[in-house]
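Data block below; observations after.
The values are calculated or read from the model by the stated rules, or taken from the named source; none is laboratory data. Everything numeric in this text was worked out from a predicted model, so none of it was measured. Cβ coordinates were reconstructed from backbone atoms using ideal geometry, including for glycine residues, and neighbour counts include every protein chain displayed.
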Amino acid sequence: MKKVLITGANKGIGYETARQLLQAGFYVYLGSRSLENGMHAAEELKREGLTAIEAVQLDVTNDASIKDARRLIGEKTDVLDILINNAGITGVQLHEDGTFVPQTAIDTAVEVYKEVYETNVYGVIRVTQAFLDLLKKSAEPRIVMVSSSQGSITLHSDPYYKYYNHKGSVYLSSKSALNMYTVNLAYELRDTNFKINAVSPGFTKTDLNHNRGTGTVQDAAKRLVKYALIGNDGVTGKFFCEETNPETGEIPW
Ligand code: NAP
């Protein structure tokens, strides 16, 4: 049975991705920074008959937590086939009237950037580096970086882009940084069977955006699963968002 680790899988898109990969016959390590929430999520899936799952405490901002998760998973398996770096935050605050406080380039404090980068950038790097040895033992290792089309510098420089006016210097730049990490990692592993792609799930109704997203977690997870299951003849080091480009899915960095 092939094995997958998904970070931030106790809810939202990560949770639905766990469900779809279980349905596809994978064994799922469900990463959750709260073990209690992770176990609760795993129990729910087990109640649906999806039993090849266990919750793993994994806070992507915490080195000790990642080390413990790596040790625990390493005691159970010699091989990891798929890593989905899904955990993410926006750092966006709300005004009292429910409107978003804009993350302006001019005056958003560096502390806000640091907090978001800890999860969305350094967290991904930490987890990827910690699990790379297990992934290298797979015949078909896959890494999906859950990015956002909002991290596309090309799109955000285009006044005709539909989200051109939806700027937000912190979250958007964190995903741009993640994208460049993806390109570098894919390049370094280009002569192997690794397929490493950045995938935007599309604007999806989850806690991340206070449920203002328009898409479903089912569609979002399907988009991630597609690149988690990409064949050995598939691409690596690319950026996809089917919401932005329904034809080929590929979008500019
Ligand atoms: P969500 O429902 O808020 O879920 C985010 C998940 O990340 C939760 O499980 C959360 O855990 C976890 N997480 C946050 N910080 C963590 C940490 N330090 N360590 C481990 N886990 C952590 O959001 P979502 O919409 O499913 O987002 C999933 C991914 O999709 C994110 O990377 C996001 O940037 C990306 N994305 C989402 C949208 C969208 O419209 N929803 C669009 C583009 C990209 P807790 O429950 O403990 O907080």
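Failed condition for Glu118, given (1) buried (at least 16 other Cβ atoms within 10 Å of the Cβ); (2) more than 16 Å from the ligand (Cβ to nearest atom); (3) among the acidic types (Asp, Glu), with all others met?
(2)
Examine the stretch 221-229 for a residue that is hydroxyl-bearing (Ser, Thr, Tyr) and surrounded by 14 or more Cβ atoms within 10 Å (Cβ to Cβ), and state whether such a residue exists.
Checked against the condition, which is being hydroxyl-bearing (Ser, Thr, Tyr) and surrounded by 14 or more Cβ atoms within 10 Å (Cβ to Cβ), the stretch 221-229 yields at least one hit.
Determine the pairs where a residue that is more than 30 Å from Ile106 (Cα to Cα), located within the stretch 173-193, has a partner that is at pLDDT 95 or above and acidic (Asp, Glu) with Cβ atoms under 8 Å apart, the partner being 6 or more residues away or on another chain.
Listed by first residue and then by second, the contacts come to Asn193/Glu140.
Within the stretch 42-55, is there a residue that is at pLDDT 95 or above and within 11 Å of the ligand (Cβ to nearest atom)?
Going through the stretch 42-55, the residues at pLDDT 95 or above turn out to be 42-55.
Restricting the remaining residues to those that are within 11 Å of the ligand (Cβ to nearest atom) gives none.
Scanning the stretch 42-55, I find no residue that is at pLDDT 95 or above and within 11 Å of the ligand (Cβ to nearest atom), so the answer is no.
Can you tell me how many residues within the stretch 126-165 are more than 16 Å from the ligand (Cβ to nearest atom), under 28 Å from Tyr29 (Cβ atoms) and touching a residue at least 12 places away in the same chain (Cβ under 8 Å)?
Here the count works out to 9.
Before we move on, is Asp63 over 24 Å from Lys195 (Cα atoms), loosely packed, with under 14 Cβ neighbours inside 10 Å and either within 16 Å of the ligand (Cβ to nearest atom) or under 17 Å from the mean Cα position of the chain (by Cα) (or both)?
For Asp63, the condition - over 24 Å from Lys195 (Cα atoms), loosely packed, with under 14 Cβ neighbours inside 10 Å and either within 16 Å of the ligand (Cβ to nearest atom) or under 17 Å from the mean Cα position of the chain (by Cα) (or both) - is met.
If I filter the stretch 70-99 down to residues being touching a residue at least 60 places away in the same chain (Cβ under 8 Å) and not in a loop (DSSP other than H, G, I, E, B), which single residue comes out as nearest to Ala24 (Cα to Cα)?
Ile82
Which one of the conditions (1) over 21 Å from Leu208 (Cβ atoms); (2) out of contact with any helix residue (DSSP H, G or I) (no Cβ under 8 Å at 6 or more places or on another chain) does Glu36 fail to meet, given that it meets all the rest?
(1)
Please enumerate the residues belonging to the stretch 1-59 that are surrounded by fewer than 18 Cβ atoms within 10 Å (Cβ to Cβ), in a helix (DSSP H, G or I) and charged (D, E, K, R).
Within the stretch 1-59, Glu36, Glu43, Glu44, Lys46, Arg47 meet the criteria.
Out of Asp233, Asp191, which single residue is surrounded by fewer than 18 Cβ atoms within 10 Å (Cβ to Cβ), out of contact with any Pro (no Cβ under 9 Å at 6 or more places or on another chain) and more than 17 Å from Ile82 (Cα to Cα)?
Within the list Asp233, Asp191, the selection yields Asp191.
With the checklist (1) within 11 Å of the ligand (Cβ to nearest atom); (2) modelled with pLDDT of 95 or more; (3) assigned to a loop (DSSP other than H, G, I, E, B); (4) farther than 13 Å from Gly88 by Cα in hand, flag the one item Pro201 doesn't pass.
That leaves (4) as the condition not met.
Scan Ala139, Ala198, Ala186 and give me the residue that is among the small types (Gly, Ala, Ser) and surrounded by fewer than 17 Cβ atoms within 10 Å (Cβ to Cβ).
Step by step, each of Ala139, Ala198, Ala186 is checked, and only Ala139 is among the small types (Gly, Ala, Ser) and surrounded by fewer than 17 Cβ atoms within 10 Å (Cβ to Cβ).
Tally time: how many residues in the stretch 1-20 are more than 10 Å from the ligand (Cβ to nearest atom), closer than 19 Å to Lys137 by Cβ and aliphatic (A, V, I, L, M)?
Qualifying residue count for the region: 3.
For Gly14, are the conditions met, namely being in contact (Cβ under 8 Å) with a residue 12 or more places away in the chain and farther than 21 Å from Glu75 by Cα?
yes
When Glu54 is evaluated against the numbered criteria (1) in contact with a helix residue (DSSP H, G or I) (Cβ under 8 Å, 6 or more places away or on another chain); (2) more than 15 Å from Val4 (Cα to Cα); (3) free of Cβ contacts under 8 Å to residues at least 60 places away in the same chain, which criterion, by number, is the only one it fails?
So the condition that Glu54 fails would be (2).
Output yes when any residue across the stretch 175-184 is among the hydrophobic types (A, V, I, L, M, F, W, C), within 13 Å of the ligand (Cβ to nearest atom) and at pLDDT 95 or above, and no when none is. Before the answer, list the steps.
Taking the stretch 175-184 and keeping what is among the hydrophobic types (A, V, I, L, M, F, W, C), we get 177-178, 180, 183.
Cutting the leftovers down to within 13 Å of the ligand (Cβ to nearest atom) gives us 177-178.
Still in the running and at pLDDT 95 or above: 177-178.
Scanning the stretch 175-184, I find at least one residue that is among the hydrophobic types (A, V, I, L, M, F, W, C), within 13 Å of the ligand (Cβ to nearest atom) and at pLDDT 95 or above, so the answer is yes.
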